[in-house]
Amino acid sequence: MILVFGSINIDLMVPVPELPHPGETVLGGDYQLLPGGKGANQALAACRAGASVTMAGAVGNDGFAAAALELLRRDGVDLALVRRVERPTGCAAIMVGASGENLIAVAPGANGAAIAAGVPEEVLGPETIVLCQMEVPPRETAALIRRAAFRGARNILNLAPALPMDPGLLSDLDLLVTNTAEAAALGSDPIQIAQRLRQAFVVTRGVAGSTAFLSNGGRIDIPALAIEAVDTTGAGDTFVGVLAAALDHGLTLEAALHRASAAAGLACLAHGAQTATPDRLAIDKAVARLSS
């Protein structure tokens, strides 16, 4: 089982011919309101990849809450640990350029009220993978990771956005996942970081694929799926969610990384984050393409 502790947002998506520079106004196409948030995106990705998933977090008592939870509820993610609080549901303003690249600003809102204490002890154990990001209060994320490690759960942290983290937390993590910019923000050699983890430090590199630096000193390099990107918004979250799902199914790290890479490529073929998340069958077919 996968327990995702993280953000739940509504995304305001605006397509633009090119991303604006500071102080510049760019006229775009019609906007869309789509469900998002790194936590919710990764929960949906893991669920569509075939895992049993519980989402823990917070939304507001406003009109955006139902829309933010719509696809999670429809696809069967357990929402029993999602709290309603007196703050607005989180919202992300996303501009997507013609090349598929994006600019994102996030108003956390209710995500700031997510609490580790809302996750009961009985769901933390050796049969659980706890998946976290950095869009809810870091102190709450760290508290949950430490509790989960103590009870024998496996922990995956996606260090996105690249906020400061307690270096002491590394020893409680099985996997740390970042993109290249987030990895650089850590200010340490990836091999040294990997040696402090239980299993591996995974760095995604966009069209260059991904690399896992193993705690035992080894290394795994995985190619990216060859595609023409439409929108890269949800690719990283899809990668992380599918990686967790594959590990939950008992796959080796290398096999899990292949599935995550294939799924991330598929997520770039449509607009939005959750709306572009592939299902298990599509991932199966794409893995065959990735490996051929």
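Since every read-out is calculated from the coordinates, none of them should be taken as a lab result. The structure displayed is predicted, hence computed values, not measured ones. Here the Cβ positions follow ideal geometry from the backbone for every residue, glycine too, while neighbour counts run over all protein chains shown.
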(request) Take the Cα radius of gyration of the range 30-131 and divide it by 2.2 N^0.38 Å, with N its residue count; two decimals is plenty. (result) 1.14
(message) Could you work out how much longer the chain between LEU103 and HIS21 gets when fully extended? Use 0.36 nm per residue separation minus the Cα distance between them, nm to one decimal.
(response) 28.5 nm
(message) What three numbers, in Å, describe the spread of the alpha carbons of the chain along their principal axes, ordered from the longest?
(response) 51, 47, 38
(message) If I build a Gaussian network model for the chain, linking alpha-carbon pairs within less than 10 angstrom, which residue out of GLY118, GLY109, GLY168 has the largest mean-square fluctuation?
(response) GLY168
(request) Quick one, can you get me the convex hull of the C-alpha atoms of the range 147-292 expressed as volume per residue in Å³? (result) 112
(request) Calculate how many DSSP beta bridges within the range 1-119 are antiparallel, expressed in % of all such bridges and rounded to the nearest 5. (result) 40
(message) I'd like the FRET efficiency for GLU70 and GLU254, computed as 1/(1 + (r/R0)^6) with the beta carbon distance as r and R0 of 30 Å, rounded to 0.05.
(response) 0.30
(message) Antiparallel versus total DSSP beta bridges in the chain: what percent is that, nearest 5?
(response) 40
(request) Could I have the simple spin-label model distance between ALA181 and ASP284, label points 7 Å from Cα toward Cβ, reported in nm to one decimal? (result) 3.7
